[in-house]
Amino acid sequence: MNHVAKKAGASPATVKARSGLLAVLAVLAVLTGCSGTDSIIGGKSRSPQEAIRITPQDGAGDVAPDTRVEVKVPDGRLESVEVTRIEDAQQQEVRGLIAEDGLSWSPQGVSARLGLAAKYSVDVVAVDGAGHRAARHTTFTTEVPGHRFIGYFKPENRSTVGTGMIVSFAFNRPVTRRAAVQRAIRVTADPAVEIAGHWFGDKRLDFRPAAYWQPGTEVTVEVGLRDVEGAPGVYGSQRKTVRFTIGREQVSRVDSAAHTMEVRRDGQLVSSVPITAGSPTTTTYNGKMVVSEMHEVTRMDGRTVGFGGEYDIKDVPHAIRLTESGTFLHGNYWSDDDIFGSTNVSHGCIGLRDVQGGSGSTPAGWFFDRTLIGDVVEVVNSKDKKVAPDNGLGGWNMDWKRWKAGSALR
């Protein structure tokens, strides 16, 4: 997994591979497995892509449905492989088996054939002979017929999410007839509340109410895009209904200057957690960010996003994605305990104390176990600008008047 290089006060570039890292170069230089190019699997010099090899490659598009998903390691063994169809009406697992020698995974049965117009995620954890773990997360999309378009969307059907959840559609082709497409997507709530759509460019449409959802709200998304003309000669292919529930309210406020995170549940202070945020040269964004992904373990490698060999940590525990460009809140086991609550040392992420392998008894594990997709983390008092509304599910950083002005329905 990757982070995004930032200069002080500058925003990071968007990248396909998504991740973040909290690290200090001086610390990483003395930690085995946290820097340099050595793979944890066998100790030979390999690139991150070679250590865990996944086919199709990360970010691949228009993948043919008869393409065979494969996961391989050159040595060591695979611990777990999860291949899932995501951002659809319902998640669907691609069933498969790890070979007896532990070096490969392949799909089995009818699930070996991929669906058309689908998005898949692949999550892999591998272990070497010494018990060291490495992880990799990739995504790819399959072919959509040339005269059709599709919207990949969040959240998942039947999920329970936090009060900051934003319904977000990412279209595989540019939409020029925005009003027709927006009119074909109906988002309603019980109890009722006004919900408006906002376009970010011609390939993304988000929906939210004026303020955070009320806990217990039932939200219904009716997608009636089939045969709707989104651009000249290009028609939608989806007709489905998605429902999700708003859970309890949890908003966490990170004070970068005070090095603390106050966790509030339904308005009441639950805990004040010591943190470390972005260093003076790689600051953390200010603003409201919404949890969009959670990984118990993931890999963060600076070489893929402009940090050179500054870090390569293969088993970052309790990783919670906050922005598309790479801001994470995650566990940190490689820094001294006394930095938490006192010093900002990260490459733009928010770090909580953890142990290698992760533990539910550490601050990072405690927070991870109490977090939902859709929860809000707000950063204040950082010397960076406010996160952009289209960076992840950052739409809460735009006032209601401006949000409604981005609708195609007048």
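Overview of results
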| item | result |
| --- | --- |
| Two-site label geometry, residue 204 and residue 112: point separation in nm, points 7 Å out along Cα→Cβ | 3.8 nm |
| Cα centroid separation, segment 219-260 to segment 66-101 (Å) | 26 Å |
| Unsatisfied cross-links (Cα-Cα over 29 Å) in the set 119/401; 154/385; 203/401; 240/314; 72/119; 119/314 | 119/401; 240/314 |
| Distance cut-off 21 Å, percentage of C-alpha pairs in segment 148-248 lying past it | 30 percent |
| Trypsin sites (Lys or Arg not before Pro) lying in DSSP loop within segment 105-135, provided at most 14 other Cβ fall within 10 Å | 113 |
| Length gained when the stretch residue 211-residue 176 is fully extended (0.36 nm per residue, less Cα-Cα span) | 9.7 nm |
| Listed peptides 64-71, 216-223 by packing density, highest first (mean Cβ within 10 Å) | 216-223, 64-71 |
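Every read-out reported here was derived from the displayed coordinates using simple, explicitly stated rules and does not represent laboratory data. Model, not experiment: these values are computed from the prediction. Note: ideal-geometry Cβ built from the backbone for every residue, glycine included; neighbour counts use all protein chains shown.
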